[in-house]
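Asker: Got a structure for you, questions after.
The values are calculated or read from the model by the stated rules, or taken from the named source; none is laboratory data. Values in this document were obtained by computation on a predicted structure and should not be read as measured data. FYI the Cβ positions are ideal-geometry reconstructions off the backbone, even for glycines, and counts take in every protein chain you see.
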Amino acid sequence: MPVQRIRVASASRGQWTITVERTDDVVTSLYPSREAAIAAGTDLAKRDKIELLILGRDGRVRARKCFGDDLREEREVAVRSI
């Protein structure tokens, strides 16, 4: 599986990014809000059945969602206020 994880992180001027980390490259997309970035990142993570990391403005992991082969049970780990 080439895609390993997706990160949602704060960018400049109130915007948020989604970074798709692959074994051979990294692709970043820009979104106007945290909510839009999380929604798009969740869709991608579910599609690729991989991990989604949501980082706060301070760069720390605030939430981790794992979408494995068994999508009937989404796991959320380390959920904190963002």
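Asker: Only residues in the stretch 25-37 that are assigned to a loop (DSSP other than H, G, I, E, B) count as the first member; pair them with residues that are not hydroxyl-bearing (S, T, Y), Cβ under 9 angstrom, at least 6 apart or cross-chain, and list the lot.
Answerer: Going by the 9 Å Cβ cut-off, the qualifying pairs are P32/G14; P32/Q15; P32/W16; S33/G14; S33/Q15; S33/W16.
Asker: Still on this structure, I have one more. Name every residue in the stretch 38-56 that is part of a strand (DSSP E or B) and under 16 Å from Q4 (Cα atoms), in order of residue number. So that I can check it myself, show each step before the final result.
Answerer: Step one: of the stretch 38-56, the residues part of a strand (DSSP E or B) are 51-55.
E51, L52, L53, I54, listed by residue number.
Asker: Can you tell me which residue is surrounded by the fewest Cβ atoms within 10 Å (Cβ to Cβ) among those in the stretch 1-34 that are at pLDDT 85 or above and of a type in the set (V, I, T)?
Answerer: Step one: of the stretch 1-34, the residues at pLDDT 85 or above are 5-20, 28-34.
Restricting the remaining residues to those that are of a type in the set (V, I, T) gives 6, 8, 17-20, 28.
On the way: I6: 25, V8: 26, T17: 17, I18: 24, T19: 16, V20: 20, T28: 12.
Looking at residues that are at pLDDT 85 or above and of a type in the set (V, I, T), I get T28.
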